[in-house]
Amino acid sequence: MKTLINQQPDKNVDSVNLTSKFRFNRKYDSILPRTSMYFNRISTYFHRTSMYFHRISTYFHRTSMYFHRISTYFHRTSMYFNRFNIFPHNLFPRTSMYFHRISTYFHRTSMYFNRFNIFPYNVFQRTSMYFHRISTYFHRTSMYFNRLSTYSLLIPLFLIFTLLPFQSNAQETLNDYLETAAKNNPDLIVAFNQYLASLEKVPQVGALPDPQASFGFFIKPMAIVAGSQVGNIQVMQMFPWFGTLKLAKDEASEMANARYEVFNAAKADLFYQVKANWYQLLKLDREIILVNENIELLESLEKLVMVKFQSPATSGSSTGSTGSNLTNTTSSGNMNASGGGMGGMKSAQSAPTQTTGNMQASSMSSGMENKTSGLQDVLRVKMEILDQQNKLALLIDQRKTTEVGFNALLNRDQNISVEISDSLEIQPLPAEKLAIVDSILANNPMLAMLESEVSSYKAMEQKAKKMGLPMMGVGLNYMINQKREGNTYMMNGTDMVMPMFSVSIPIYRKKYNAMQSEARLMQEAGKQQTIGLQNNLKVQYRSFIQNLNDAERRMNLYNEQEELARKTTDLLLAGFATTGTDYEEVLRMQYKVLDYAFKYIEAITDYNTSVAMAEKLMNSVNK
């Protein structure tokens, strides 16, 4: 049964076998990379050697330059002495000759070093160039073999992608579909955008009130001590009580955390729906395979029944003739033994005639009965085949409906075919059964959402208390003055600047008290919602355990029953092939085999769906 359940549909192409058909010989496939590595090492060796000689040539070149500079220095010194020789030539002839010889000695020394510089530099430079060319040659050779070895790997891949252009979707697994759903599902995108929108609330509530600016002018200048005032400009900034803005930001942040937990809950629910549809598709695929195999078995059984249907007429006629001959022979022997006589002759003639007639009648009646029962068997098996074909059409239709729902969760074209590459296997639990309830109460996103809301209402209560305290304002008043004739005051016409400070007086306390009472009531409501949700989650956990245990029992039961039914069917088929009896029992047991296989597949699907529900409640998909 497990082999049958894990069987893959025939439409999936074995790409591994196809790759092996177009793969190069393993011997040459291993020689090319090794050869390329060998030449690469040789080229690296020669490249390092060329670098070594290049360094040597550079060293000799620098040495030659150094001696060239020394020779130039000595040459310039000799020229200096030659110039110096002009002046003291008549006064100190021996001294000038001495310096001239010294200069000639240094000049020859410089020429010697210049000549010495020519040979080693050119030799090592040419040697380094020679090794560099060798290393370049081997490097190009290694690159050629590397390309050749790469082509030996690319050719089978090219053939695979050329011959199998429509098999890319078949390689997608459940994790790939979950990732696609997380990126494309519109409901999940809505929840995430709502979370991002709630984050934008934080800087809004944490900002100061907008400053106020006012400007006034006098239609007729007003006479004051400092002249005539023609206008007034005033700017004021109000500040809430200390800590009010921080509490407002904390409130908005907690509400944003609550929206994030709503997003996590939507994501967990989406993943659960994708997995449930995936397991349903796996179930339908395996059921389609079972129905097809059952139809093939019934068609084989139909051929066997047709053979049995055609055999009774021939065997009945031959049996009747054989029985007549045997009866005639026996009667003749009795007549000869009696020694003659009319009485004996009449009795001998009447006996075989009566016996032959009885045998022929019985053989004809048995042949008709066998023929009638064989025809019934043929019609019955055709009815079963038609019933299974109708069931197959229903399963294909159900798969198409489930496929459309699966594509809707992924927000893609509903006509895209979903290729199932996985086998129907039992999924492991994310934790031990006894530890699941604790994990649910600790990680469930809806509980975390309610906790964030309660924290937000606490911050709201503290903010309401702060809002009941005075607000302070700081401002500046700028008065525009003109000179007034006849005013001898020294500040006549000077503009005036006046700092300002204001305080609000929150004397209407009802609204602040109501805000605090609202926050406390919302806290209490959130706590009660948390208790109710915890109780509901415990009930869901108990229901999950019940479904899980029931699925385990059904898997064990139907697996054993299917094995026993198959063995019974094999025995009945063997008996029917030899005796032609118990045909109805064969059909009944074959129906039981199919029914037990369906129930076994359904039990596995229910078990995996229960595991997916546990992952949803534990929020393990977001860990």
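The values are calculated or read from the model by the stated rules, or taken from the named source; none is laboratory data. None of these values were measured; they are calculated from a predicted model. Because the Cβ atoms are built from the backbone with ideal geometry, glycine has one as well, and the counts that use them run over all protein chains shown. These accessible areas exclude ligands, DNA and RNA; they are computed on the full protein's heavy atoms, side chains included. Shrake-Rupley method; radii C 1.70, N 1.55, O 1.52, S 1.80 Å.
Can you order the peptides 202-208, 407-413 by their average number of other Cβ atoms within 10 Å per residue, highest first? Write out the running numbers ahead of the final one.
Details: 202-208: 12.9, 407-413: 15.9.
By packing density, highest mean first, the sequence is 407-413, 202-208.
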Subtract the Cα-Cα distance of residue 507 and residue 190 from 0.36 nm times their separation in residues, and report this length gain in nm to one decimal. 109.8 nm
Stokes-Einstein diffusion coefficient of the range 372-506, Kirkwood radius over Cα pairs, 37 °C, 0.692 mPa s, in µm²/s: 125 µm²/s
Scalar couplings 3J(HN,Hα) for the range 480-490 by Karplus 6.51 cos²θ - 1.76 cosθ + 1.60 (θ = phi - 60°), nearest whole Hz, x for Gly and Pro, are 9, 10, 10, 5, 10, 5, x, 8, 8, 5, 5
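Take the residue pairs 275/599; 201/616; 283/382; 249/616; 201/465; 183/246 and return only those whose Cα atoms are more than 24 Å apart.
Pairs exceeding the cut-off: 201/616; 283/382; 249/616; 183/246.
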Can you give the FRET efficiency to the nearest 0.05 for residue 173 and residue 415, using r as the Cβ-Cβ distance and R₀ = 22 Å? 0.55
Just how large is the dipole of the range 449-558 about the Cα centre, in debye to the nearest 20, putting +1 at every Lys and Arg Cβ and -1 at every Asp and Glu Cβ? 300 debye
Can you give the translational diffusion coefficient of the range 474-623 in µm²/s, computed by Stokes-Einstein from the Kirkwood radius over Cα pairs at 25 °C and 0.890 mPa s? 100 µm²/s
Rounded to the nearest 20 debye, dipole of the range 161-286 from Cβ charges on Lys, Arg, Asp, Glu: 260 debye
Taking 25 Å as R0, compute the FRET efficiency from the Cβ-Cβ separation of residue 524 and residue 199 and round it to 0.05. 0.35
Kindly rank 233-242, 264-273 from highest to lowest mean number of other beta carbons found within 10 Å of each residue. 264-273, 233-242
Rg to Rh ratio, the range 532-604, alpha-carbon atoms and Kirkwood radius? 1.33
Mind checking the per residue accessible area of the range 167-296 for me, 1.4 Å probe, whole number of Å²? 51 Å²
Packing-based order for 252-262, 396-406, 492-502, using average beta carbon neighbours within 10 Å, highest first: 252-262, 396-406, 492-502
Apportionment of accessible area to carbon and sulfur, the range 390-537, percent (1.4 Å): 57 percent
Using a 1.4 Å probe on the protein heavy atoms, what percent of the accessible area of the range 234-273 belongs to carbon and sulfur? 60 percent
